[in-house]
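Where a number appears in this text, it was derived from the coordinates with a stated rule and is not lab data. Every value quoted in this text rests on a predicted model; they were computed, and no experiment measured them. Glycine also receives a Cβ, built like all others from the backbone with ideal geometry; neighbour counts cover every protein chain displayed.
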Amino acid sequence: MKLIRGIHNLTKINSNSAVSIGNFDGIHLGHQKLLSNLYEVGKKYNIPTIVILFEPQPLEFLHNHNPPKRLTTLQNKIKYIQLWNIDIILCIKFNESFSSLSPEKFIKNILIKKLNIKFIIIGDDFRFGSKRNGNISLLKKIGHQYKFKVIEVSALLYKNKIKISSTNIRKYLLENKIELAKKLLGRPFSILSRVIHGNKIGRKLGYPTANIFLNKNIPLNNGVYAVKVSCLFNKNFIGICNVGIKPSFLHSKKNRFLEVYLFNFNLNLYGKKIEVFLHKKIRNESFFSSIEELKKQISKDIKIVKKYFNINDY
């Protein structure tokens, strides 16, 4: 797979191509349906497949003082898009200049002249171009003129009533409905990041943790969670994590961290990338007046997590 950062790095594709466009925030089941369709079209017609992403995401740029919570970093999007054997990811910088580009110019200057599209696979609510004036009708009209086909993929519903969308997944995560968000994602919500040095508090308590700095824009409430962690040769480990500001120890309430304790694990993770999959929220983050009180609560939390994962001793 080839990653192209910016339109200025894009050279013309000489063969026909199949393209899908969107934020793909979360790579949820709806996105997976799009990617599956894209892969099948590329395979059937033996043409390159291209996913177009935007960084920052359009609403992050347009509402930069109060952007919507974000499910997936660009790094994690790329990781999951790769699973569909997509040939090219084109990441377009969303800025003032690009946001003012008319839908017609976007289609003609980028999709036709640069990408030579033969098929475009999009969701049924797709809007694009300056002031979101572009829609499926416009794509079909221009497609008829320039001989490319628009494949419209309808939204998926969970249990025939809940629309599978990034908006709904953010909503359920912030309502602590972690398992419902998992159903819409098709996998547990996860955070992929590099382990940093912490204050070694967990080690002093007898529960050494791997620490991750959390972006404030992650749609996740503070609290204790049952998790599985992928690290070191993609092996998975079971553990427990705390998301929050460590109120019992730190005076600053500005920075949030995720600290995870893995059962039966003693390898060094500093500087390594890990992906933490959150399966269930156990409780809210709390203040403890003594070390002993905190240690007792951690012991209780671990028992709950082990019961959740159906393990007696790990």
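Other residues within the sphere of radius under 12 Å centred on the Cβ of Ser102, judged by their own Cβ, net out at +3 (K and R +1, D and E -1).
Here His144, His65, His28 are placed in order of increasing Cβ neighbour count within 10 Å, fewest first, which gives His65, His144, His28. In this simple spin-label model, placing a label point 7 Å from the Cα along the Cα-to-Cβ direction at both Ser137 and Ser286 gives a separation of 5.7 nm. Per-peptide packing, taken as the mean over residues of other Cβ atoms within 10 Å, places 124-136, 170-182 in the sequence 170-182, 124-136 from highest down. Over what distance in Å are the Cα centres of region 139-188 and region 65-128 separated? Cα centroid to Cα centroid, the span is 16 Å.
How much of the DSSP beta bridge set in the chain is antiparallel, as a percent to the nearest 5? Of the beta bridges lying entirely in the chain, close to 60 percent run antiparallel.
Fully extending the segment from Glu293 to Asn176, taken as 0.36 nm per residue of separation minus the present Cα-Cα distance, adds 39.6 nm. Taking R0 as 35 Å, what FRET efficiency do you get between Ile7 and Ser230 from their Cβ-Cβ distance, rounded to the nearest 0.05? It comes out at approximately 0.55. Between Lys147 and Asn16, the simple label model (points 7 Å from Cα in the Cβ direction) yields a spacing of 0.9 nm.
Stretching Lys161 away from His65 to a fully extended chain increases their span by 31.3 nm, per 0.36 nm per residue minus the current alpha-carbon distance. Report the paramagnetic label zone for Asn222: residues of region 164-196 whose backbone N is under 17 Å from a point 7 Å from Cα along the Cα-to-Cβ axis. Under 17 Å, as judged by backbone N against the label point of Asn222, lie 174-176 of region 164-196.
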